[in-house]
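**Q** One structure follows; several queries about it will come next.
The values are calculated or read from the model by the stated rules, or taken from the named source; none is laboratory data. Values in this document were obtained by computation on a predicted structure and should not be read as measured data. Positions of Cβ are generated from backbone atoms using ideal geometry, with glycine treated the same way; all protein chains shown enter the neighbour counts.
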Amino acid sequence: MRLSTKLLVTFVPLFIVAIVGSYVLTVQASEEQMLEQAKDAAFQKAHIVREALVSQMVDKYKVEDSFLNKIRTAGGLLDLYIRIRPDSLHLLEDLEDSTRTARLMARMQEAMQKGSIGDEVFSTGNAMYVRREDDFEAIIPFKAEKKCQACHEVEVGNILGVAHVKLPLTEINQSIRANSNRTAMISFGFAVVSLAIGFIFYRSLIQKPVRQLVTATEELRKGNLNYDVGMAASKDELGILADSFDRMRKALKQSQDALRTSTVGQIAQSLIRDFRAPMREILTSVDQLQRGGAGDQQQLFETTKSSVQTMQKITQDLLEFTTGDLKANKMAARVPQVIGYVEQMVRPDLEREGIKLDVQQGYQGSARLDYDRITRAMINIINYSINYVPPDGTIKLTTASENNTLVIKIEDNGSGIPSAFLDKIFEPFMKIVQEKGVGLSLALAKRIIDMQGGKVEVKSTEGKGTAFTITMPMQ
């Protein structure tokens with residue numbers, strides 16, 4: 001996924017969680033606040049009723065039913081009634097009569113019809129609160145005070161009765177939901193605005209610079225070291241990265257220019273040195289022909305032709321290696337024919353150097369090879385070996401088949417390659433001896449063999465000789 005998609009996938013769920021969490025917490029906080037307010041309101045109303053009841057008992061020695069009926073729904077209450085127990089009142093004997101008893105029994109019966117909720121308050125003495133969907137009921141005990149002893153034979157703190165105060169919650173619930181919805185909408189709006197602003201800042205501060213850096217990286221990968229990132233200087237992380245990238249690009253360009261100059265100089269120096277000998281032979285032959293053809297003309301023509309072929313080989317090696325675009329064209333080829341062609345191409349040079357070629361074809365079958373290139377690789381290796389083999393020496397070329405693999409060995413009994421250079425001989429322009437060429441023979445041979453899925457290895461012992469082993473898959 002793109003970075004913008006990752007950020008969107010990350011932050012959108014976080015905002016949703018934040019909005020939902022804000023809504024839930026707001027609702028919980030509002031409900032808790034509402035319950036506290038309802039408790040305070042119920043306690044205040046119960047206190048007012050209690051004081052009124054005490055006042056009536058002190059003044060009239062009785063509580064009027066009309067007063068209880070008036071306060072039942074006063075002040076927006078759903079209900080307010082008093083629950084009493086005759087055994088908890090402990091009225092003085094002077095106040096006990098049949099009329100009062102009948103009135104108290106009627107009030108008890110009315111309270112009992114509303115249920116038994118709150119009966120435990122008489123024994124615990126603690127207020128009780130009941131939260132319902134649309135109402136709230138507070139059950140508050142009336143505890144005796146000193147002035148209550150004027151009518152009741154009780155100790156201070158005894159429970160004389162319980163007030164049931166029921167408050168409506170419909171409007172409060174609607175207000176809570178409205179506030180919660182408003183909070184959710186504000187949070188949602190804030191989240192949308194934050195995402196929009198964040199997206200704008202992301203586009204300008206992150207996405208655009210990152211795209212510029214990606215484009216610059218692609219141009220660098222293509223080899224365009226002149227491409228400028230084009231980012232405005234800044235001290236943030238992306239600015240520092242862009243500055244580091246640009247400095248790296250300039251350093252690579254300087255290094256490439258230096259390497260190109262060094263390589264061109266190295267190639268030019270090697271070409272001049274290696275062209276000098278064949279050109280001298282050509283000039284000598286031409287000079288003799290101009291002076292009247294003194295000597296063997298056929299030999300002069302052969303010398304000139306050989307020198308031109310040497311120069312052609314040098315330039316061909318250089319061209320094929322530096323293009324770097326070698327593609328294998330593998331097809332079925334008879335291995336004896338491949339070896340026969342290599343023998344035909346290298347034998348004249350070997351005879352001229354006084355070196356014997358020993359060919360032993362242990363495999364007479366076919367293999368899928370790039371005929372032109374595999375012969376070129378073997379010719380390059382043999383021509384390289386000539387540099388280490390003295391006159392009367394031998395180069396041995398053998399073939400064999402092992403585990404569906406073609407094995408070609410090129411061995412000599414020459415002076416061997418110094419061990420310090422053995423692991424470097426396949427590097428381009430590595431010339432350990434004054435070989436004919438620019439030092440690309442083995443590098444090009446290895447590239448040809450690797451390109452066809454094969455492998456070339458070398459073993460050498462100083463004073464005894466060198467062995468190159470080529471392994472090529474049959475298929």
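**Q** Of all residues being surrounded by fewer than 16 Cβ atoms within 10 Å (Cβ to Cβ) and in contact with a Cys (Cβ under 8 Å, 6 or more places away or on another chain) in the range 76-100, which is farthest from A127 (Cα to Cα)? Just the residue, please.
**A** So the residue we want is L95.
**Q** Got a sec? Which of S419, S441, S460 is of a type in the set (G, A, S) and either modelled with pLDDT of 90 or more or closer than 26 Å to Q364 by Cα (or both)?
**A** S460
**Q** What about S415, is it within 53 Å of the chain's Cα centre (by Cα) and assigned by TED's automatic domain parsing to the domain that holds M331?
**A** Criteria not met by S415.
**Q** Just the residues that are over 26 Å from F136 (Cα atoms) and either among the acidic types (D, E) or in contact with a Pro (Cβ under 8 Å, 6 or more places away or on another chain) (or both), please, taken from the range 39-67.
**A** D59, E64
**Q** Oh, and also: Out of curiosity, is L160 part of a strand (DSSP E or B) and either over 25 Å from L35 (Cα atoms) or outside the structural domain of H47 (by TED's automatic domain parsing) (or both)?
**A** Considered against the rule, which asks whether it is part of a strand (DSSP E or B) and either over 25 Å from L35 (Cα atoms) or outside the structural domain of H47 (by TED's automatic domain parsing) (or both), L160 comes out as yes.
**Q** If you don't mind, another one. Please work out which residue is nearest to I282 (Cα to Cα), limiting yourself to the range 292-305 and to residues that are at pLDDT 75 or above and surrounded by 12 or more Cβ atoms within 10 Å (Cβ to Cβ).
**A** The qualifying residue nearest to I282 (Cα to Cα) is T304.
**Q** Further question on the same structure: Got at least one residue in the range 38-46 being more than 60 Å from the chain's Cα centre (by Cα) and small (G, A, S)? Spell out the reasoning first.
**A** If we filter the range 38-46 for residues that are more than 60 Å from the chain's Cα centre (by Cα), which is where we start, we get 42-46.
Filter once more, so that each one left must be small (G, A, S): 42, 46.
Scanning the range 38-46 turns up at least one residue that is more than 60 Å from the chain's Cα centre (by Cα) and small (G, A, S).
**Q** How many residues are at pLDDT below 90 and either within 15 Å of Y371 (Cα to Cα) or part of a helix (DSSP H, G or I) (or both) if we restrict to the range 463-475?
**A** Within the range 463-475, residues that are at pLDDT below 90 and either within 15 Å of Y371 (Cα to Cα) or part of a helix (DSSP H, G or I) (or both) number 2.
**Q** Restricting attention to the range 112-130, does a residue exist that is modelled with pLDDT under 85, out of contact with any Gly (no Cβ under 8 Å at 6 or more places or on another chain), farther than 22 Å from I48 by Cα and of a type in the set (K, R)?
**A** Yes - at least one qualifying residue is present in the range 112-130.
**Q** Need the failing condition index for E402 against (1) within 25 Å of G465 (Cα to Cα); (2) within 57 Å of the chain's Cα centre (by Cα); (3) buried (at least 19 other Cβ atoms within 10 Å of the Cβ), just the number.
**A** For E402, the failing item is (3).
**Q** May I ask you to list the residues in the range 1-51 that are in a helix (DSSP H, G or I) and of a type in the set (D, E, K, R)?
**A** K6, E31, E32, E36, K39, D40, K45, R50, E51
**Q** Out of (1) assigned to a helix (DSSP H, G or I); (2) surrounded by fewer than 16 Cβ atoms within 10 Å (Cβ to Cβ); (3) of a type in the set (A, V, I, L, M, F, W, C), the odd one out for A232 is which?
**A** Evaluating A232 over (1) assigned to a helix (DSSP H, G or I); (2) surrounded by fewer than 16 Cβ atoms within 10 Å (Cβ to Cβ); (3) of a type in the set (A, V, I, L, M, F, W, C) leaves (1) as the failure.
**Q** Of all residues in the range 332-350 being exposed (fewer than 15 other Cβ atoms within 10 Å of the Cβ) and at pLDDT 90 or above, which is nearest to P391 (Cα to Cα)?
**A** It comes out as G340.
**Q** Here's another thing I want to ask about it. Tell me which residues, restricted to the range 131-149, are touching a strand residue (DSSP E or B) at 6+ places or on another chain (Cβ under 8 Å), part of a strand (DSSP E or B) and in contact (Cβ under 8 Å) with a residue 24 or more places away in the chain.
**A** Across the range 131-149, the qualifying residues are D135, F136, E137, A138, I139, I140, F142.
**Q** Continuing with this model, one more query. Within the range 163-187, which residues are in contact (Cβ under 8 Å) with a residue 40 or more places away in the chain, farther than 18 Å from E32 by Cα and either over 60 Å from the mean Cα position of the chain (by Cα) or surrounded by fewer than 14 Cβ atoms within 10 Å (Cβ to Cβ) (or both)?
**A** A163, H164, V165
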